[in-house]
Amino acid sequence: MLRSLKRSSLKLLKGCGVLAYVKNSRWRQSRLLILCYHGISQKDEHEWRPNLYMPVAQLAQRLQMLKSSGCAILPLGEAIRRLYGNDLPPRSVVLTFDDGCCDFYRQAYPLIKSYGFPVTVYQSTYYVDDQKPVFNLICSYMLWKCRGKVLQPDKELGITQTQDLAAEAGRRSIVRQLMSSSAERNLTGTEKNDLAERLAALLGMDFSALVSSRLLQLMNASEIAELSQEGVDFQLHTHRHRVPDDQASFQKEIRDNRKRLLEITGHSPVHFCYPQGHYKPQFLPWLAEEGVISATTCDSDLASTESDSLLLPRFVDTTFATSIEFESWLSGIASVMPRLPHSGEIR
């Protein structure tokens, strides 16, 4: 009801010319919209996680809207310098993608390249050199694909009783059990992959075919190097897609991530994105010690000169957002309207 009311209000504001007025205002020119994307579907991932994956046709529509709205699509580093220098062009926007999965290479980048837009990828690096599906995601996806089945108990997986896979809550519970069990046993990436393969066998799925499809896998080093040569900006997202609470482990994540990206791209990254948008006050001085210039969150807003450079907001665009909602963020008016709770979850 609230979402429908908001969309109706936006359509009314657009019809009255308010969106166009705000989009071209000095107020909007002093603000930066940082767009956040995660995955672009290779198959049916947007049906499984619509808050994480977007159909390629919807991304194409977004890029066309950016062009037709006359937005200035800026490289991340330049945009941040110009934001704090009060030198932004009208309707400034930055494109960012989190995680750096294979679908960016196959689905998103060819489209972005066709428009000539600069783009930043916040690249996690552990699975770059261990070309296996991300454990929690592939387990969740397989359970969703088999949602008409029943999962039998399995001691190795830590599944102690028969589980009906019809309900989303039940499937999430199984993934939590698998994640908890693997953490308690301190399993390596290879060992977790073996667990995922065992789960696939129980579900009657061809795990080797899933692996061969590169579904839910990060880009490999050669793909990252290729895109870096073409001008894609690769920045920090931690090595293992996590933000430990202790300083030594946190900074090790940054250093390992930076080291691997420098090896692959030849560039030392200085911008950061909090995995899952998770941040705490103590992280800021730790990032500053590591020479990080900016850090982005998943908090919805436009960035201004009053924004902390290590807590920059972004609009997380998803399958759920309609064209009018996306347009309201381009204009900036969405940032001053009541916010609705974010649907679903981010890995």
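Every read-out reported here was derived from the displayed coordinates using simple, explicitly stated rules and does not represent laboratory data. What you see is a predicted model, and the numbers here were worked out from it, not measured in a lab. Virtual Cβ from ideal backbone geometry, glycine too; neighbours counted across all protein chains shown.
In this model, which of Lys113/Lys259; Lys67/Lys113; Lys43/Lys145; Lys132/Lys192; Lys23/Lys67 are farther than 18 Å apart at the alpha-carbon?
Numbers: Lys113/Lys259 27 Å; Lys67/Lys113 13 Å; Lys43/Lys145 12 Å; Lys132/Lys192 10 Å; Lys23/Lys67 14 Å.
Among Lys113/Lys259; Lys67/Lys113; Lys43/Lys145; Lys132/Lys192; Lys23/Lys67, the Cα-Cα distance tops 18 Å for Lys113/Lys259.
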Practice item. Report, ordered by chain and residue number, the aspartates and glutamates lying within cross-link reach of Lys149, taken as a straight Cα distance under 14 Å and ignoring same-chain residues fewer than 8 apart. Key: Asp164, Glu168
Revision key, fill the gap. For the chain, the longest principal axis of the Cα atoms and the Cα long axis of helix 2-15 enclose an angle in degrees, to the nearest 10, of 30 degrees
Exercise for review: Would you please name the GluC sites (Glu not before Pro) within the range 208-285 that are DSSP coil residues with at most 12 other C-beta atoms within 10 Å of their C-beta?
Suggested key: Glu230
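What does the helix-only formula give at 222 nm for the chain: each DSSP H stretch with n ≥ 4 adding -39500 (n - 2.57), the total divided by the residues, and the result rounded to the nearest 500 deg cm²/dmol? All intermediate terms of the calculation are to be shown ahead of the outcome.
Details: 15 runs with 150 residues, N = 347.
Only helices count here, giving -12500 deg cm²/dmol.
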Review point. Near the amide H of Thr297, under 5 Å away, which other amide H atoms are found, from residues 5 or more places off or on another chain, if H is placed in the peptide plane?
Key: Leu312, Arg314
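Expressed as cubic angstrom per residue, what is the convex hull volume of the alpha carbon set of the range 1-138?
Numbers: hull volume 20.1 nm³, N = 138.
Dividing the Cα hull volume of the range 1-138 by its residue count gives 145 Å³.
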**Study point:** Sorted peptide list for 75-86, 4-15, criterion being average Cβ within 10 angstrom, highest first
**Key:** 75-86, 4-15
Revision key, fill the gap. Checked against the positive end of the charge dipole of the range 135-212 (+1 on Cβ of Lys and Arg, -1 on Cβ of Asp and Glu, about the Cα centre), the farthest of Ile174, Gly189, Ala200 is Ile174
Check your understanding: Order of Leu261, Leu63 from fewest to most other C-beta atoms within 10 Å?
Key -> Leu63, Leu261
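At a 10 Å Cβ-Cβ cut-off, how would you order Phe117, Phe135, fewest neighbours first?
Values: Phe117 18, Phe135 21.
Lowest count first: Phe117, Phe135.
Two-decimal Rg/Rh of the range 249-288 from alpha-carbon positions, Kirkwood Rh? Walk me through the numbers on the way to the answer.
Details: Rg = 10.9 Å, Rh = 11.0 Å.
With Rg and the Kirkwood Rh in hand, the quotient comes to 0.99.
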Check your understanding: Using unit Cβ charges (K, R positive; D, E negative) and no other charged atoms, how large, in debye to the nearest 20, is the dipole of the chain about its Cα centre?
Key -> 1120 debye
Study note, to complete from the structure: So the angle from the long Cα axis of helix 56-68 to the longest Cα principal axis of the chain, reported in degrees to the nearest 10, equals 10 degrees
Point to revise | Sequence of His271, His237 once ranked by neighbouring C-beta atoms within 10 Å, starting from the fewest | key: His271, His237
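Based on the alpha-carbon set only, what is the convex hull volume of the range 135-212 divided per residue, in Å³?
Values: hull volume 6.0 nm³, N = 78.
Enclosed volume per residue, from the Cα hull, is 77 Å³.
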Review point. If you line up the long axis of helix 189-203 against the longest principal axis of the chain, both from Cα atoms, how many degrees apart are they, to the nearest 10?
Key: 70 degrees
